[in-house]
Amino acid sequence: MAYRWETPASIWLEDERNGQFELVSSDGLGRIDWQAAARGRLADCAHLLGASLPRSCDHAAIYPEGFAFCPTCGRPLDRLGVAPERHPDWWGPYADALLPRHVPHGLPVTSLALGDSLEERPPAPEVGRFDAAMPPPPNAHCVFAAATFGFPEQRLLALAPGRGVLQYWDPLAEVWHVLLPEEGAADLAFGASDYGWLPTSHLQVPARRGDVALVPTARGLYRLAINPVSETCRTEAVLAAPVVAAPGLMRRQLGVLVRNPGGTLGLCGLGADLSPGPQFDCGALPLTGWTRPIGYDGQLFWLHGEGQLAWRPGEAPRWLAWPDTWLPSLDLGGPTLSRDGRMWLIGHDGLSYSFLELGAERVQARPQREPIDGARLGFANLLFRRGHPVVDEPWSGEHVEDQHEDDSLVLPLLRSFNNNRSQPSGLVLRFHKYTGRAEDALANRVIARTTVEWIGRRNVILDEVARLARPLECVPFVYANRLWLHHPDWNRIRGWNLEAPT
């Protein structure tokens with residue numbers, strides 16, 4: 001016989017023979033495989049559920065939520081989830097909804113004031129080291145999300161879109177778990193464009209425990225949820241059409257590029273509550289190779305090697321092909337802003353580099369073009385020409401502080417937006433003693449010495465990397481009050497401590 005215990009969120013059974021508790025069900029988690037959890041993840045499950053753990057007795061390995069004392073011996077228990085720690089969510093800088101409207105959304109820009117902590121470290125030329133490390137996920141080419149997902153404590157997920165594998169980090173056991181799809185769950189693989197998911201917390205939908213995000217797949221747009229107790233994940237269909245680019249949100253309207261049944265490109269609109277919206281046929285436009293959408297000035301922009309697709313909710317989408325022989329240099333960075341608020345993208349016409357105005361709505365005149373004398377790496381006003389920052393207009397001359405940096409190349413990875421700073425700050429990679437083309441450094445060329453640096457009010461060298469290749473595969477993320485940097489070739493993810501947000 002087993003005693004039944006009901007808490008506000010869960011149902012437990014207590015075995016009368018040995019006094020052990022077993023979780024039967026919990027709100028939002030679906031089927032529970034308690035035997036899998038009991039094999040070594042009880043501590044993590046207790047933290048996720050807000051359950052109780054023994055302090056000094058061994059009558060049970062775990063107790064239901066709210067238990068303050070062992071019912072057998074009366075000794076006090078550790079009640080978890082009573083005062084949960086609060087850490088900011090991280091969905092990738094492309095999904096930061098807290099940025100102000102005058103900052104383009106969808107670029108590697110975060111609203112977290114990371115520099116306030118990182119700049120307290122010894123400044124350059126002193127070379128620092130990372131404070132913490134974690135093993136990379138089994139499928140290393142991935143994107144990261146850190147949030148509570150409706151649970152009392154924050155957890156970290158790593159999704160490998162190339163293989164459709166979702167991975168969960170157990171911080172207590174310090175091990176990655178692959179979450180298996182439940183029966184009927186969609187394949188999460190997606191490779192038609194740059195990857196980007198949309199957190200359900202940004203939408204006007206009822207919150208459910210385990211909710212993760214809206215994810216694009218080859219067969220449609222799905223709502224993804226996790227069950228970390230049973231180590232499974234499940235999906236719910238939102239849009240049943242092959243998705244060809246990451247979704248974007250603008251003015252409470254969701255825009256999704258899909259492949260129409262006739263093989264043409266379509267744009268499907270959805271409300272923030274996921275209600276059906278307008279649908280547009282964009283004709284014979286490319287079905288692969290799009291960037292993540294960029295939101296600015298009330299519009300969503302999907303960029304491609306052949307042109308740009310702009311959509312303002314309430315209007316039909318507009319396709320603007322690149323002029324003449326001009327082609328975008330998308331690997332050099334993303335759009336940046338001029339002082340008058342216009343958005344620009346770097347490209348090349350076969351002879352020289354130039355910045356092209358994006359989204360220009362001129363009827364007869366061509367988009368404005370500003371020539372430059374060399375490649376500039378960066379986005380959102382975090383721009384560098386070689387080893388020097390560009391602090392005025394995107395096409396202005398670089399600001400030379402140290403002539404010795406002429407033989408280095410700086411690649412911005414992440415900008416931290418802070419209203420109280422006159423100049424942009426962010427995380428960058430500096431390639432030392434490099435005099436080749438920027439495109440070669442971003443490809444498979446091995447860089448002998450690279451430093452990971454924070455550029456801001458004080459320039460801080462966070463770490464040093466030997467023999468780095470494919471630097472564009474570096475993925476920064478924030479989790480558990482640390483800034484982390486991951487590269488698929490590294491055997492450890494490097495982390496730097498951040499002060500607790502105030």
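The values are calculated or read from the model by the stated rules, or taken from the named source; none is laboratory data. What you see is a predicted model, and the numbers here were worked out from it, not measured in a lab. Quick reminder, even Gly has a Cβ in these numbers, built from the backbone with ideal geometry, and neighbours come from all protein chains shown. Heads up: the accessible areas ignore ligands, DNA and RNA and are worked out on the full protein's heavy atoms, side chains in. Shrake-Rupley method; radii C 1.70, N 1.55, O 1.52, S 1.80 Å.
Here are the numbers for this structure:
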quantity: Whole-Å semi-axes of the ellipsoid equivalent to region 411-454 (Cα gyration tensor, √5λ, descending); calculated: 26, 10, 8
quantity: Computed [θ] at 222 nm, deg cm²/dmol, the chain (DSSP H ≥ 4; -39,500 (n - 2.57); rounded to nearest 500); calculated: -1000 deg cm²/dmol
quantity: Sequence-separation-based contact order of the chain, relative, with Cα cut under 8 Å and 6+ spacing, percent; calculated: 12
quantity: With every protein chain in place, the chain: carbon and sulfur % of accessible area (1.4 Å); calculated: 49
quantity: Loop-located GluC sites (Glu not before Pro) in region 298-394, at most 16 other Cβ atoms within 10 Å (DSSP); calculated: 306, 315, 361
quantity: Charge sum, other residues only, whose C-beta stays under 12 Å from residue 319's C-beta, Lys/Arg counted +1 and Asp/Glu -1; calculated: -1
quantity: From the coordinates shown, P(r) over Cα pairs in 10 Å bins from 0, in percent corresponds to which of [x] 4, 20, 31, 27, 13, 4, 0; [y] 4, 18, 26, 25, 16, 7, 3, 1, 0; [z] 4, 17, 21, 17, 12, 10, 8, 6, 3, 2, 1, 0, 0, 0; calculated: [y]
quantity: Per residue accessible area in Å² of region 67-161, where ligands, DNA and RNA are left out and the probe is 1.4 Å; calculated: 45
quantity: Proximal charge balance of residue 50 [Cβ under 14 Å; K/R count +1, D/E count -1]; calculated: -3
quantity: Summed residue charge, Cβ within 15 Å of residue 82's Cβ, Lys/Arg positive, Asp/Glu negative; calculated: -1
quantity: Pairwise centroid distance, computed over Cα atoms, of region 189-243 with region 462-482, Å; calculated: 26
quantity: Share antiparallel - DSSP beta bridges, the chain, percent rounded to 5; calculated: 95
